[in-house]
Each structure stands twice: as structure tokens, then as C-alpha cells.
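Colleague: The structure that follows is given in the form of C-alpha cells.
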Amino acid sequence: MNITETIENIIKSDEFVLSETKKIQYGYGLKRVIRYIVERNEEIATESVAEHVYALHLLADYFLPLEDQNHTMDWTKVHDMLQYHDIDEIETGDIIGYLKTDADREAEETAAEKVLASFPAHLQPKVHAINEEYNAQQSPEAKFAKALDRIEPVFQIYNDNGKKIMHLQKTTKEQAHHHKAPYVSDYPCLKRFFEVIEATMDKEGFYQPE
């Protein structure tokens with residue numbers, strides 16, 4: 001199936017979108033392969049920030065050919081942004097996006113400076129420039145990377161383990177929707193995946209009642 005046929009199926013078929021979602025989630029399986037002959041023993045499976053970044057690279061490889069058929073964006077730059085956009089969380093830890101406060105965002109800026117200063121010297125100019133562009137949200141690459149970052153948790157959470165997490169966090173559909181929808185609206189395939197998975201999750205009882 002070529003790119004044109006894939007796009008046509010995404011637009012017209014909910015079943016195709018969900019089938020593709022399962023295939024992408026299969027690629028997520030590498031997150032659960034633990035190294036050094038040790039195991040995670042968890043009732044609810046966890047995800048590290050680095051595992052989230054891995055997933056973003058997978059989504060970028062899937063969606064860039066669909067959303068940028070003429071290759072007008074710098075795809076390498078998109079991957080660089082995804083690689084480094086969360087480095088502040090080395091210091092701050094992860095905070096659920098829709099729960100972040102202005103104080104949290106200020107702390108992230110301070111943390112990012114500390115992390116950058118701790119990186120090897122020859123990496124610092126690249127990482128600084130990439131994150132400055134990403135945070136400014138002016139370039140096509142920055143906007144697309146942000147859209148991927150906002151939709152990625154939908155792929156991570158659409159399973160039985162994710163349903164447990166959403167119930168534990170008492171996540172409402174409104175919270176999840178408003179944190180993601182505006183960022184994917186300009187990308188037809190991303191938008192379709194978001195709408196189909198969101199509707200399916202709603203039907204299957206993932207969200208806390210409003």
C-alpha cells in the first residue's frame with residue numbers, strides 16, 4: 001500500500017485507523033523489553049520519559065510521509081526536537097500536561113538551563129538551538145513536533161493498562177481533548193487518528209465522567 005492509498009484509508013475508514021494504531025502499538029513493544037536480565041514487577045505498567053521519546057520517533061517516521069508528502073520540512077530537525085524537547089524533566093520529573101501550572105512552566109525553564117549546562121560542551125549549542133526553536137513554535141518543524149508530542153499519549157494509553165491509569169488519574173474527556181485537539185487540527189491524518197481513538201476510548205469507558 002502506497003502513501004496515497006494509506007491516506008485515503010485513514011480518511012475514510014475508522015477500522016483502518018484502529019488497525020494501524022495496533023500496528024504502531026506493536027512497535028511500542030520495545031519499551032517493555034528490559035535489559036540486563038532484570039524485570040519490572042508492576043501491577044500498572046509504567047513508562048519513562050525516554051520511552052515516550054522513542055515512541056515519538058516511531059510516530060514521526062509514520063506520520064511525516066503522510067503529512068509532508070512534498071518533504072517541505074526538515075525531517076532530521078523534527079527528530080532532533082523530539083529527542084531533546086523534554087530534557088528539563090531530568091530535573092523536574094514528569095507532570096501531566098493538563099495539570100501544569102505557570103509555576104511548573106517557570107521551573108521547567110530553570111531546569112532546562114541547568115540540564116543544558118550539564119551536557120557535553122560540543123552538544124550544548126545544538127540542543128540549545130533546537131529547543132529554542134521548538135519552544136518558540138514558529139517553524140513548521142516545531143509545530144509538527146509539538147503535535148506529535150500531544151497525540152503520542154493517545155497511542156500509549158489506548159489499552160487495558162492505559163485505562164487503569166486514566167481511571168487512577170480521574171482523567172476526563174474534556175481535559176484530554178483540550179490539551180491535544182488544537183495541536184493536531186492542521187494535520188489531516190493526525191487529526192483523524194486522534195478523533196477515532198478518542199471516540200473509541202469514550203465508547204469503551206476510558207474517561208472519568210464530567
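Colleague: Taking the mean number of other Cβ atoms within 10 Å as a proxy for protection, how do you rank 15-28, 174-187 from highest to lowest?
Modeller: Packing proxy ranking, top to bottom: 174-187, 15-28.
Colleague: May I pose another question? Need the full-extension length gain, Thr172 to Gln138, defined as separation in residues times 0.36 nm minus the C-alpha distance. One decimal, nm.
Modeller: 9.2 nm
Colleague: While we're here: Under 18 Å between alpha carbons, and skipping anything fewer than 8 positions from Lys31 in its own chain: which aspartates and glutamates qualify?
Modeller: Glu39, Glu42, Glu43, Glu47, Glu51, Asp61, Asp86, Asp94, Asp149, Glu152, Asp160
Colleague: With θ set to phi - 60°, apply the Karplus curve 6.51 cos²θ - 1.76 cosθ + 1.60 along region 27-44 and write out the HN-Hα couplings as whole Hz, x wherever there is a Gly or Pro.
Modeller: x, 5, x, 4, 4, 9, 8, 8, 8, 6, 6, 10, 9, 8, 10, 9, 6, 10
Colleague: Another question, then. Tell me what the chain gives for mean residue ellipticity at 222 nm when only DSSP H runs of n ≥ 4 count, each as -39,500 (n - 2.57), the sum divided by the residue total, rounded to 500 deg cm²/dmol.
Modeller: Taking each H run of at least 4 residues, the total per residue is -21500 deg cm²/dmol.
Colleague: Work out the FRET efficiency for Gln69 and Lys126 from their Cβ-Cβ distance, taking R0 = 35 Å, and round it to the nearest 0.05.
Modeller: 0.80
Colleague: Check which residues have an amide H placed less than 5 Å from Thr172's amide H, if you skip close sequence neighbours.
Modeller: Gln208
Colleague: If you don't mind, another one. Among (1) 17.6; (2) 18.4; (3) 16.9, only one was calculated for this model; which label is it, if the read-out is Kirkwood radius over Cα pairs in Å?
Modeller: From the options (1) 17.6; (2) 18.4; (3) 16.9, the structure gives (2).
Colleague: Calculate one ³J(HN,Hα) per residue across region 140-148 by plugging θ = phi - 60° into the Karplus curve 6.51 cos²θ - 1.76 cosθ + 1.60, and present them in order as whole Hz with x for glycine and proline.
Modeller: x, 5, 5, 5, 5, 4, 5, 4, 4
Colleague: Under a crude label model (7 Å from the Cα following the beta-carbon direction), how far is Thr76 from Lys163 in nanometres?
Modeller: Calculated label separation equals 4.5 nm.
Colleague: Another question about this same structure. Read phi for every residue in region 49-57 and hand back ³J(HN,Hα) as whole Hz from Karplus 6.51 cos²θ - 1.76 cosθ + 1.60, θ = phi - 60°, with x for Gly and Pro.
Modeller: My calculation for region 49-57 gives 5, 5, 5, 4, 5, 4, 4, 4, 5 Hz in order.
Computed from the coordinates by the stated procedures, all read-outs in this text should not be read as laboratory data. Bear in mind the structure is a predicted one, so any value in this text is a computation, not a measurement. Virtual Cβ from ideal backbone geometry, glycine too; neighbours counted across all protein chains shown.
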